[in-house]
Amino acid sequence: VDQVLGLKKLKPEQSLKGNSYRLDKIYFETGKNTLLPKSRQQLDALAGFMARFAGIHILIIGYTDNTGSDITNDELGMARANAVAEYLIAHGIESTRLEFQGLGSSNPVGENTSEDGRRLNRRVEFTIEKE
């Protein structure tokens, strides 16, 4: 599970609060919040991680590239973060353990001048808020 999420081997006694992780294998239909089937492996791993660490609460953050207006990107980022939350809820994670936020094109990790950079910026991350 931890390897699929890109996390180091975690121990239950290890403090995780405040750590942020990029989910780099979450994919959506272009311009939509529809999760693609190839996202399931990483989403299932996240659900398993949360089941194993039952006290963890996370903030899911959706980002976009800079194509489109700021308002549209913020809404799309929010809708995508919500789609991840809904997936987790459907797979047994209590909604009270999840928050979500859309930050659109803010905080880019790649250059928005190339397709590769824009692809990096279209991402979902989560931060452990409580354990």
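The values are calculated or read from the model by the stated rules, or taken from the named source; none is laboratory data. Values in this document were obtained by computation on a predicted structure and should not be read as measured data. Positions of Cβ are backbone-derived with ideal geometry, glycine not excepted, and every protein chain shown enters the neighbour counts. For the accessible areas, the whole protein counts, side chains as well, though only heavy atoms, and no ligand, DNA or RNA atoms are used. Shrake-Rupley method; radii C 1.70, N 1.55, O 1.52, S 1.80 Å.
A few notes on this one:
- Computed with a 1.4 Å probe over protein heavy atoms only, the accessible surface of the chain comes to 55 Å² per residue.
- Net lengthening on full extension, Asp70/Ile89 (0.36 nm per residue, minus Cα-Cα): 4.0 nm
- Over the chain, dividing the summed -39,500 (n - 2.57) contributions of all DSSP H runs of at least 4 residues by the number of residues returns a 222 nm mean residue ellipticity of -10500 deg cm²/dmol.
- The chain: angle of helix 70-90 to the longest principal axis, Cα-based, in degrees nearest 10: 30 degrees
- Principal axes of the stretch 37-83: Cα extent on each, largest first, Å: 39, 24, 13
- Qualifying GluC sites (Glu not before Pro) in the stretch 48-98, where qualification requires a DSSP coil assignment and no more than 11 other C-beta atoms within 10 Å, comprise Glu94.
- Column: log10 I(q)/I(0), Debye, Cα scatterers of the chain, q = 0.20, 0.22 Å⁻¹: -1.15, -1.34
- 0 to 90° range, to nearest 10: angle between helix 40-52 axis and the chain longest Cα axis: 40 degrees
- Remark: spin-label model distance Asp116-Gln41 equals 2.2 nm, labels positioned 7 Å along the Cα→Cβ axis.
- Taking all Cα pairs closer than 8 Å and separated by 6 or more residues, the relative contact order of the chain comes to 34 percent.
- Among 25-37, 43-55, the peptide with the highest mean count of other Cβ atoms within 10 Å heads the list, and the full ranking is 43-55, 25-37.
- Fraction of accessible area attributable to carbon and sulfur, the chain (%, probe 1.4 Å): 50 percent
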